[in-house]
Each structure stands twice: as C-alpha cells, then as structure tokens.
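Novice: My questions will all concern the structure given below.
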Amino acid sequence: MDRFLNILTYAIGLLFVFNGLMWLTSPADIASTLGMPLLTGHGLSTQIGDLASFFLVVGIFSLLGAYTKKTYWLYAPAALVGFAALSRIIAYLFHGAALSTDKIIVEVVVMSILLFAAKRG
C-alpha cells in the first residue's frame, strides 16, 4: 500500500474509532451530529450498542490494515460501510426514510478507498 493510501486508511480508522467512542461516552452529542434523536429504554441500548460496534469495527479493522499492511483487514470495514449505504437506499425506497445522500456518498467513498487500498496492497 503506498504512503498516501496508508495515511488515508489511518485517517478513516481514527475517525471511525472516535465516532465509536463517542457513542460510548457521549451518545447524545454523536446522535445529534448524525441527525437522529437519542432513543430511550431498550431502543437506547440497541442504538448505542449497534452504532458503537459498527464504528469501532470499521475503525479498528481499518487501523489494523494500515498498521500491519495486511490489506485483508480492510475487506470487513469496506463491507460494513458499503452495506450501510445499501441499507439507506433500501430504507428510502421501501420504508419511507429520507434519502440521506450526504451520508451515502461518504459511505461509498470510504468503501471505495478501503477496497482500493486493499487491492493496491
């Protein structure tokens, strides 16, 4: 993996780890930045648990790929982010959700960078 892609992969990893840690330490703040209300009860448990794990897995596996230069670590975070984008589109098409174009674009770009870095490895 060339130096620029490695730095970009580190940046993605650090950003996602930061967001994951925010879900564990300050869920109201991170929820508002993502345009969602903070739920209550079992919904809050699911919201924090699922979103923290999503961001932490993407971040940690991206950092593992960047640090070890073993690009097979990048496939899992690329898949998670890619399926998040696909799921947003399905939510829009079939469930009346708003089309979150800005978030879909970010997810597709992150997925593409991780897959490109994995292939270039």
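Novice: Going 7 Å from the Cα of S87 in the Cα-to-Cβ direction, what parts of region 29-47 have a backbone nitrogen less than 12 Å from that spot?
Specialist: 47
Novice: Bin width 5 Å, origin at 0, all Cα-Cα pairs of region 26-88: what percent of pairs per bin?
Specialist: All Cα pairs, binned at 5 Å, distribute as 4, 17, 20, 21, 17, 12, 7, 3, 0 percent.
Novice: What does the charge add up to near R120, with Lys and Arg as +1, Asp and Glu as -1, over the other residues with Cβ less than 12 Å from its Cβ?
Specialist: Cβ neighbours under 12 Å give a net charge of +2.
Novice: Give the label of the value calculated from the structure for mean projected area of the Cα convex hull in nm², choosing from (i) 7.4; (ii) 6.6; (iii) 10.1.
Specialist: (i)
Only the coordinates and a few stated rules stand behind these numbers; no lab work does. Since this is a predicted model, take the numbers as computed values, not measurements. Cβ sites come from the backbone with ideal geometry, for glycine too, and all protein chains shown count toward neighbours.
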